[in-house]
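Heads up, the thing below is written out as structure tokens.
The values are calculated or read from the model by the stated rules, or taken from the named source; none is laboratory data. Quick caveat, the model's predicted, so the values are computed rather than measured. In this analysis, Cβ positions are derived from the backbone assuming ideal geometry, glycine residues included, and neighbour counts consider all displayed protein chains.
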Amino acid sequence: MRAVLFGLVIILVFAATRAGALSNDDPAPNLIQDISLNITPGAVVEVADVAEAGGLPRWTSILPPLLAILLALLFRHVLVALVFGVWLGAFLISDLSFVTSFARLLDTHIVNAIADRGHASILVFSLLLGGMLGLMTQSGGAKGLASWVGTDATSRRRGQLTTWFLGLLVFFDDYANSLLVGSSMRPVTDRLRISREKLAFLVDATAAPVASLALISSWIGVEVGYIADQFTHLGIDRDAYLTFIETIPFRFYPILMLVFVAWVSLRGRDFGPMLRAERRAFHEGLASRPGAQPASDFHEEAVPEHVLGRPMNALIPVAVVVLVAAIGIYVDGRAKVVSAGIDVSLRAIVGEASSSAAILWGTGAGCVAAFALSVGSGALSFASSIDAWMSGMRSMLFAAVILVLAWALGGVCRDLDTASFLIGAVGDWIAPAWIPTTVFVMAALVSFATGTSWGTMAILFPLVVPLAHEIAPGNETILLGTVSSILAGSVWGDHCSPISDTTVLSSMASSCDHMDHVRTQLPYALLVGAVSVLCAELPVAAGWYGPWVGLLVGALVMVAAFESLSKPVRR
């Protein structure tokens, strides 16, 4: 914690020093001049020469995001951090007026973040997806998936592989993944003499990576929203959803972690604290360490006890979303290609289609399918289905608030021209090839200290994407690598942090001592994180080979390192 704070202070001091050096060439280093603030469409308030009036140096433009980072580290509450970060930006823009900055925080920056059409589409999509997930869960769909897969676990190896496969199957939400997989597999792993620490690792190491990579999950609205916001304001002509898909091969840490979990489950070997825990469970029959204080078992109160497990109530809505979205992209893209007189090809169709609209259509159809299944199967009544749908949407409120505040923080950073300051301060000493790795480490540290991957993404996207775009213009590898590094680094920190919500939920669902879970998982996360940086992040950004080769090299090195460090659980 202290090391992270010290590092941030060093960054601020360095930035201020660089700003002083740059001011020798710029006799009037003002923050903002002639900034226009859009209060409502069609109504523009001109704020002229604010920096002249306040005499603010250029380095103050980095204070809003830096304040957000510091408050998130100190108080471990990203909402408070983002609110104060946006307010500080409004304070600097409004000529250092407390009253005006508070008013502009609400009637300008927050309102503009919501009023944007692209932002509104992301919010609607997130709410619809939350409603569909609520119906799937309470109608027994997710419960049915867990029971369906768990029946095949008859040995230690098959028990661990089944846990891993079930984690892949429950891809639509990391919270649901941790709770469903952990609580469903705990009796099975206890019977097979698999330690609670190992179960918690298997659950935690698949939840966030799968949800962050899935094309349909509670994460995708947040991730696509951040990407779309930066592309819009940087003038980058790219579809945000297609860019999200293009970044998947660059998500080295989440993908390698999923491979690592499968290999560990298959081999029956471990190292470090996990090896001791597994040998204790296998040879002594103790699922938990003597003297451990397991977290309370999590009981899914949202799912009525009389509701039976119905796998189709989860599989069919997801299939409907995928099918309708794919058809929507094809129909919309083909119509635009034909009207524009372009040669009809799949690439042209996908490039011209409005993927955001198609996803909205698919999610809406998925809600209808989930509603019909919950009522038609007799799992829920009509009124209970509506309640489940509303409850699912309420579960997305936190994500929606973070999105709005992140968009508002990005807006004030653009008004203050923070990206230009950063580019001038670090652009002449950082090589483009180092940007993705630097971003990964930064995201990992912030996420580890704050315990939230979504909050980390909200803070870093407005800072590092413009930096990468300006330092390496037109370099798709650097741009995609930077975006992916924010997401991957956030997942790594979320994995390792003892205050992470998914880490806590994994301990709860597995009935594992929380600190035992953190202590046994940390060496594995460090190994995979180091391999992903050294074998994939750096070489791919340097142009030595492509992302798929990076994943292959990383997987081979990771497996070799694990085999050299690990020992068989059976003595």
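One line per residue, one yes/no per condition, for (1) out of contact with any strand residue (DSSP E or B) (no Cβ under 8 Å at 6 or more places or on another chain); (2) under 16 Å from V518 (Cα atoms); (3) in contact (Cβ under 8 Å) with a residue 24 or more places away in the chain; (4) of a type in the set (A, V, I, L, M, F, W, C):
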site: M442; (1), (2), (3), (4): yes, no, yes, yes
site: V446; (1), (2), (3), (4): yes, no, yes, yes
site: S453; (1), (2), (3), (4): yes, no, yes, no
site: F461; (1), (2), (3), (4): yes, no, yes, yes
site: H469; (1), (2), (3), (4): yes, no, yes, no
site: G481; (1), (2), (3), (4): yes, no, yes, no
site: W492; (1), (2), (3), (4): yes, yes, yes, yes
site: C496; (1), (2), (3), (4): yes, yes, yes, yes
site: S506; (1), (2), (3), (4): yes, yes, yes, no
Within the range 527-556, can you find the residues that are of a type outside the set (G, A, S) and either under 21 Å from H495 (Cα atoms) or in contact (Cβ under 8 Å) with a residue 60 or more places away in the chain (or both)?
-> L527, V528, V531, V533, L534, C535, E537, L538, V540, P547, W548, L551
Subset of the range 448-484, residues over 20 Å from S532 (Cβ atoms) and among the polar types (S, T, N, Q), comes to T450, T452, N475
Output the qualifying pairs, or none if there are none: Cβ atoms under 8 angstrom, residues six or more apart or on different chains, first residue in the range 327-345 and over 29 Å from G366 (Cβ atoms), second residue assigned to a loop (DSSP other than H, G, I, E, B) and of a type in the set (G, A, S).
-> none
Those residues of the range 91-109 which are among the polar types (S, T, N, Q) and under 31 Å from the mean Cα position of the chain (by Cα), in sequence order = S101, T108
Keeping to the range 456-480, report how many residues are of a type in the set (G, A, S) and part of a helix (DSSP H, G or I).
-> 2
Is it true that A525 is among the aliphatic types (A, V, I, L, M), within 24 Å of T437 (Cα to Cα) and in a helix (DSSP H, G or I)?
-> yes
Within the range 539-553, residues surrounded by fewer than 21 Cβ atoms within 10 Å (Cβ to Cβ) and among the β-branched types (V, I, T) come out as V549, V553
Any residue in the range 62-80 that is modelled with pLDDT under 75, part of a helix (DSSP H, G or I) and over 20 Å from the mean Cα position of the chain (by Cα)?
-> yes
Restrict the check to the range 217-228 and report whether at least one residue is within 28 Å of the chain's Cα centre (by Cα), part of a helix (DSSP H, G or I) and surrounded by fewer than 19 Cβ atoms within 10 Å (Cβ to Cβ).
-> no
Could you say whether any residue in the range 173-195 is over 30 Å from C512 (Cβ atoms), under 18 Å from the mean Cα position of the chain (by Cα) and not in a helix (DSSP H, G or I)?
-> no
Based on what the data block shows, is L552 out of contact with any Gly (no Cβ under 8 Å at 6 or more places or on another chain), farther than 15 Å from I435 by Cβ and either among the hydrophobic types (A, V, I, L, M, F, W, C) or part of a helix (DSSP H, G or I) (or both)?
-> yes
Going by the structure shown, is F125 modelled with pLDDT of 85 or more, of a type in the set (A, V, I, L, M, F, W, C), assigned to a helix (DSSP H, G or I) and closer than 21 Å to V404 by Cβ?
-> no
Check whether at least one residue in the range 246-269 is in contact with a Phe, Trp or Tyr (Cβ under 7 Å, 6 or more places away or on another chain), modelled with pLDDT under 85, closer than 23 Å to E476 by Cα and buried (at least 24 other Cβ atoms within 10 Å of the Cβ), and report yes or no.
-> no
Could you please tell me which pairs satisfy a Cβ distance under 8 Å, a separation of 6+ or placement on different chains, a first residue in the range 210-232 that is without any contact (Cβ under 8 Å) to a residue 24 or more places away in the chain, and a second residue that is in a helix (DSSP H, G or I) and of a type in the set (D, E, K, R)?
-> none
Would you please name the residue that is surrounded by the most Cβ atoms within 10 Å (Cβ to Cβ), looking only at residues in the range 529-538 that are closer than 18 Å to V259 by Cβ and over 20 Å from the mean Cα position of the chain (by Cα)?
-> V531
Answer residue from the range 557-571, given it is in contact (Cβ under 8 Å) with a residue 60 or more places away in the chain and not in a loop (DSSP other than H, G, I, E, B) and is nearest to T482 (Cα to Cα) among those | M558
Quick one: would you say L556 is closer than 15 Å to M257 by Cα and surrounded by 21 or more Cβ atoms within 10 Å (Cβ to Cβ)?
-> no
Verdict on L315 being within 27 Å of the chain's Cα centre (by Cα), surrounded by fewer than 23 Cβ atoms within 10 Å (Cβ to Cβ) and modelled with pLDDT of 85 or more | no
Residues in the range 101-135 that are over 23 Å from I227 (Cα atoms), free of Cβ contacts under 8 Å to residues at least 24 places away in the same chain and surrounded by fewer than 16 Cβ atoms within 10 Å (Cβ to Cβ): how many?
-> 3
Answer yes if at least one residue in the range 425-432 is modelled with pLDDT under 85, assigned to a helix (DSSP H, G or I) and within 30 Å of D95 (Cβ to Cβ), and no otherwise.
-> yes
